[in-house]
Amino acid sequence: MIVWLASYPKSGNTYLRSLISSYLYSNDGLFNFNLLKNTIQFPNKFIFDKLGIDFKNIKEQNKNYLQAQEFIHKLGNKNSIQFVKTHSSCASIGNYKFLSFQTTLAAIHIVRDPRNVVTSYSKHFKKTKQQSVIDITNELIIGVNSKTHPPTHVGSWNFHYNSWKQLNKSNRYMLVKYEELLKDPEKILVNVLNFIYKLGNSKISIDKKKLANSIASTDFDKMQKLEKKEGFFESKKNEKTGENIPFFNLGKKNDWRNYLDNTLIKKIETKFEKEMLELNYL
């Protein structure tokens, strides 16, 4: 069954996946990038190719999202959990639903202050801050479309947030705020692991040494150095220069007050006031 790790781009999905992967998929809790390969990304070129679907055609994707999720579900055994990372909104496109409740066990939803999303988004995608604000306030925005990454309907920051929040009516939804994850990774990781174990009706037993290793080995500075040394398979290339764009950029030192002017701050806060108040960002 699928457990979604859903977030808007540049909201801490990789950090949480790294913590989960280092704890669940290693013997000692020590992180390496290959552990992230245990998590499937969605939409996924490999899966759409297997199903004979043109992954560059977002309309064809929309028609076959549920079929693709059934394919993922069948990769594991009946009782296994398959983590699936997505930046897609959880919204129907036309008459086509994004999410299959028949193959979905739960969703872990990572959110980040949109003012900080803009600073990280701008740096990562090599866009101006002004264009980045335009992007995250655009309900029709489509995510990366390249030779290896299918186009994804992301939507605006608040559209995306509300699309996944609709799942909170069940006990199979968990909200993780990136700011709280940075402040106390041990507490949040334990909460996430407890949530996962309960989904599988498993007894909860946390290995404290392994937990400590998971947190220490996924420290931002260490991951940044690891990327410089080994490269990171999820990093993208600059379309103009062909150079890899560093994935781990602003990290914990990110502070929107140092990067955004008052005009952009006001535009973000006005557009997303309802959701930011709900999340205590205002």
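The values are calculated or read from the model by the stated rules, or taken from the named source; none is laboratory data. Note that the structure is predicted; figures quoted are calculated from it, not measured. In this analysis, Cβ positions are derived from the backbone assuming ideal geometry, glycine residues included, and neighbour counts consider all displayed protein chains.
Before moving on, here are some points about what is shown:
- Residues that are buried (at least 16 other Cβ atoms within 10 Å of the Cβ) and at pLDDT 80 or above within segment 82-99 comprise GLN82, PHE83, VAL84, LYS85, THR86, HIS87, SER88, SER89, CYS90, ALA91, PHE98, LEU99, listed in sequence order.
- Residues satisfying the stated conditions in segment 243-282, i.e. acidic (Asp, Glu), more than 21 Å from GLY12 (Cβ to Cβ) and at pLDDT 90 or above: ASP261, GLU273
- Look at segment 36-57: where a residue is touching a residue at least 40 places away in the same chain (Cβ under 8 Å) and a partner is surrounded by fewer than 16 Cβ atoms within 10 Å (Cβ to Cβ) and acidic (Asp, Glu), sitting 6+ places away or on another chain with Cβ atoms under 9 Å, you get LEU36/GLU234; GLN41/GLU234; PHE48/ASP54; PHE48/GLU60; PHE55/ASP49.
- SER132 vs. criteria among the hydroxyl-bearing types (Ser, Thr, Tyr) and in contact with a Phe, Trp or Tyr (Cβ under 6 Å, 6 or more places away or on another chain): yes
- Residue in segment 37-49 that is buried (at least 17 other Cβ atoms within 10 Å of the Cβ), more than 18 Å from the chain's Cα centre (by Cα) and over 30 Å from LYS209 (Cα atoms) present: yes
- Failed item, numbered, when GLU239 is tested on (1) at pLDDT 80 or above; (2) more than 30 Å from GLN82 (Cβ to Cβ): (1)
- Matching residues, segment 11-62, being among the small types (Gly, Ala, Ser) and closer than 20 Å to LEU193 by Cβ: GLY12, SER18, SER21, SER22, SER26, GLY29
- Failed item in (1) within 16 Å of TYR8 (Cβ to Cβ); (2) touching a residue at least 12 places away in the same chain (Cβ under 8 Å), with LYS127 passing the rest: (2)
- Residue match in segment 59-69 (condition: modelled with pLDDT under 95, surrounded by 18 or more Cβ atoms within 10 Å (Cβ to Cβ), assigned to a loop (DSSP other than H, G, I, E, B) and not basic (Lys, Arg)): no
- Take the conditions (1) in contact (Cβ under 8 Å) with a residue 12 or more places away in the chain; (2) surrounded by fewer than 17 Cβ atoms within 10 Å (Cβ to Cβ); (3) not small (Gly, Ala, Ser); ILE72 misses just one of them, which is (2).
- Residue match in segment 83-93 (condition: among the hydroxyl-bearing types (Ser, Thr, Tyr) and assigned to a helix (DSSP H, G or I)): no
- Scanning segment 196-214 for residues that are modelled with pLDDT of 95 or more and among the aromatic types (Phe, Trp, Tyr) turns up nothing.
- Among the residues making up segment 175-229, those that are outside any helix (DSSP H, G or I), of a type in the set (Ser, Thr, Tyr) and more than 20 Å from the chain's Cα centre (by Cα) are SER202, SER205.
- Qualifying positions in segment 107-151 - within 16 Å of GLN41 (Cα to Cα) and modelled with pLDDT of 80 or more: ALA107, ILE108, HIS109, ILE110
- Positions within segment 189-215 being over 17 Å from TRP4 (Cβ atoms), in contact (Cβ under 8 Å) with a residue 40 or more places away in the chain and surrounded by 15 or more Cβ atoms within 10 Å (Cβ to Cβ), in sequence order: LEU189, LYS210, LEU211, ASN213, SER214, ILE215
- With respect to the conditions (1) under 30 Å from PHE48 (Cα atoms); (2) surrounded by fewer than 19 Cβ atoms within 10 Å (Cβ to Cβ); (3) in contact with a Lys or Arg (Cβ under 6 Å, 6 or more places away or on another chain), SER120 falls short on a single one, namely (2).
- The set of residues from segment 1-29 being part of a strand (DSSP E or B) and within 14 Å of the chain's Cα centre (by Cα) comprises VAL3, TRP4, LEU5, ALA6, SER7.
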